[in-house]
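Colleague: My questions all concern the structure below.
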Amino acid sequence: MPPAPQCPCSSGLRYRQCCAPYHRGEAEPPDAEHLMRSRYSAFALREVAYLWKTLHPDHPDRARPEAEALRELRASAAAHQYPGLVVMDRQAPDASGVARVLFFAKVFERGKDRSFVERSDFRHDGTGWRYVSGVGKLPRELPVPPESLTLATFPK
Ligand SMILES: [Zn+2]
C-alpha cells in the first residue's frame, strides 16, 4: 500500500489526520489558523463546497448566487497549483471576536508564480471559524522575505 498522502496545508501530517475531517464535515477547525490551513488545502484539493461553507456571512461573496460562486471557485482551483503554505503569525480573537492569521500561500498558474502574503481576519459564526476578509500583498511589495514577516511588520 502506498503511504497516505501528506496534507496540502504543509502541516507535515497525513491528510486524513489533518484537514480531511474538516472537509468532510466531521469536525470544525478549533481555531482560525486551522480554518485557514484547511481552506488552503481545500483549494489544493478542489473542495469548493468547503470554501463556500467557510466564508463568513459578512464576506461579500456570500451575497452572490451560490452556484455562480462555486463555478468560479472550481475554475480557479483547477487553474492553479498549491505547492505549500507558510503560516508566519497569528493573533487570538480580540474584544470584537476577530482572530488574525498572517500567511504566505504558494500558488502557481501554468508555471507562473502567483504566490502572495495575506493577513486574514476570521470570526466564529456560532458553528465554526469563518473567513471574513483579507489584505493581500505580493512578495515584491514587501520590505523583507515573506517568511520573516510578522503581523507587526506587515505593511499598512
Ligand atoms: Zn491540513
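Since every read-out is calculated from the coordinates, none of them should be taken as a lab result. Since this is a predicted model, take the numbers as computed values, not measurements. All Cβ positions, glycine included, derive from the backbone under ideal geometry; neighbour counts span all protein chains shown.
Colleague: Using mean Cβ contacts within 10 Å as the protection proxy, how do 138-144, 125-131, 24-30, 103-109 order, highest first?
Modeller: 103-109, 125-131, 24-30, 138-144
Colleague: Here's a follow-up. Which value at 222 nm does the chain reach when only helices count, each DSSP H run of 4 or more adding -39,500 (n - 2.57), with the total divided by all residues and rounded to the nearest 500 deg cm²/dmol?
Modeller: After summing the helix terms and dividing by the residues of the chain, the value is -7000 deg cm²/dmol.
Colleague: Compare the Cα positions of Ala44, His56, Phe108 along the charge dipole of the chain (+1 at Cβ of Lys, Arg; -1 at Cβ of Asp, Glu; about the Cα centre) and return the one farthest towards the positive end.
Modeller: Phe108
Colleague: Is there a quick way to get the dipole size of the chain? I mean about its Cα centre, with the Cβ of Lys and Arg at +1 and of Asp and Glu at -1; what is the value in debye to the nearest 20?
Modeller: Here the chain has a charge dipole of around 400 debye.
Colleague: Still on this structure, I have one more. Residues with beta-carbon under 11 Å from that of Tyr22, excluding Tyr22: net charge, scoring Lys, Arg +1 and Asp, Glu -1?
Modeller: Charge balance in the 11 Å sphere: +1.
Colleague: When only Cα pairs under 8 Å and 6 or more residues apart are kept, what is the percent relative contact order across the chain?
Modeller: Answer for the chain is 20 percent.
Colleague: Rounded to whole Å and sorted largest first, what semi-axes of the equivalent ellipsoid does the C-alpha gyration tensor of the range 1-80 yield via the square root of 5 times each eigenvalue?
Modeller: 23, 15, 10
Colleague: Rounded to the nearest 20 Debye, what is the dipole magnitude of the range 67-139 about its Cα centre when Lys and Arg each give +1 and Asp and Glu each give -1 at the C-beta?
Modeller: 200
Colleague: I've got another one for you. Pairs of alpha-carbon atoms within less than 8 angstrom and 6+ residues apart define the contacts here; what relative contact order does the range 1-56 have, in percent?
Modeller: 26
Colleague: A further question follows. Apply the Debye scattering formula to the chain, with a single equal point scatterer on each alpha-carbon and no solvent, then give log10 I(q)/I(0) at q = 0.11 Å⁻¹.
Modeller: Debye output, listed in q order: -0.42.
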